[in-house]
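A.B. asks: The following block contains the structure, expressed as structure tokens.
The values are calculated or read from the model by the stated rules, or taken from the named source; none is laboratory data. Not measured: the values here are computed from a predicted model. Cβ: placed from backbone, ideal geometry, glycine included. Neighbour counts: every protein chain shown. What goes into the accessible areas is simple: the full protein's heavy atoms, side chains included, and nothing from ligands, DNA or RNA. Shrake-Rupley method; radii C 1.70, N 1.55, O 1.52, S 1.80 Å.
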Amino acid sequence: EGLGHGGPVECVIFNPFSASAFATCGQKHLKFWELGDTELEVAVGLFGDLGEPIDSYCIAFHPRGLTLSGNEKGEIYVWSNGVVTAKYPRAHKGKVMG
């Protein structure tokens with residue numbers, strides 16, 4: 001038995017381009033999950049130099065393998081291989097929610 005996250009989870013969404021991948025986001029996190037035959041694997045999203053651990057409210061998967069997330073500051077983060085690769089500050093005046 002494992003712990004997925006200690007705080008609130010705002011969104012869980014399956015990747016429509018994968019048979020087994022999904023992601024969760026919420027209080028200061030975005031996690032990438034993979035359903036195996038008998039196990040559930042998780043990779044914590046890395047915010048790197050572009051992002052910051054911040055409350056996220058929505059996730060979308062792009063057909064090219066990218067993931068997008070919206071946060072409490074109205075920013076949109078673009079993720080590639082679990083790392084923030086682009087940040088769009090002030091994309092919205094309020095929270096970006098799904």
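A.B. asks: Return yes when residue 86 is part of a strand (DSSP E or B) and in contact (Cβ under 8 Å) with a residue 12 or more places away in the chain and no when it is not.
C.D. replies: yes
A.B. asks: Mind listing just one residue for me: the one in region 68-81 that is farther than 16 Å from residue 14 by Cα and of a type in the set (Gly, Ala, Ser) and, of those, surrounded by the most Cβ atoms within 10 Å (Cβ to Cβ)?
C.D. replies: Restricting to residues being farther than 16 Å from residue 14 by Cα and of a type in the set (Gly, Ala, Ser), the top hit is 70.
A.B. asks: Which of the residues that make up region 1-43 are among the hydrophobic types (A, V, I, L, M, F, W, C), at pLDDT 90 or above and either open to solvent by less than 30 Å² (accessible area, probe 1.4 Å) or part of a loop (DSSP other than H, G, I, E, B) (or both)?
C.D. replies: Those that are among the hydrophobic types (A, V, I, L, M, F, W, C), at pLDDT 90 or above and either open to solvent by less than 30 Å² (accessible area, probe 1.4 Å) or part of a loop (DSSP other than H, G, I, E, B) (or both): 11, 17, 19, 21, 22, 23, 25, 30.
A.B. asks: For residues that are touching a Lys or Arg at 6+ places or on another chain (Cβ under 7 Å), closer than 15 Å to residue 87 by Cβ and open to solvent by 30 Å² or more (accessible area, probe 1.4 Å), tally how many sit in region 53-67.
C.D. replies: Residues flagged as touching a Lys or Arg at 6+ places or on another chain (Cβ under 7 Å), closer than 15 Å to residue 87 by Cβ and open to solvent by 30 Å² or more (accessible area, probe 1.4 Å) within region 53-67 amount to 1.
A.B. asks: Next question. What is the one condition in (1) open to solvent by 30 Å² or more (accessible area, probe 1.4 Å); (2) under 14 Å from residue 79 (Cβ atoms); (3) part of a loop (DSSP other than H, G, I, E, B); (4) touching a Phe, Trp or Tyr at 6+ places or on another chain (Cβ under 7 Å) that residue 50 does not satisfy?
C.D. replies: Tallying (1) open to solvent by 30 Å² or more (accessible area, probe 1.4 Å); (2) under 14 Å from residue 79 (Cβ atoms); (3) part of a loop (DSSP other than H, G, I, E, B); (4) touching a Phe, Trp or Tyr at 6+ places or on another chain (Cβ under 7 Å), residue 50 fails exactly one: (4).
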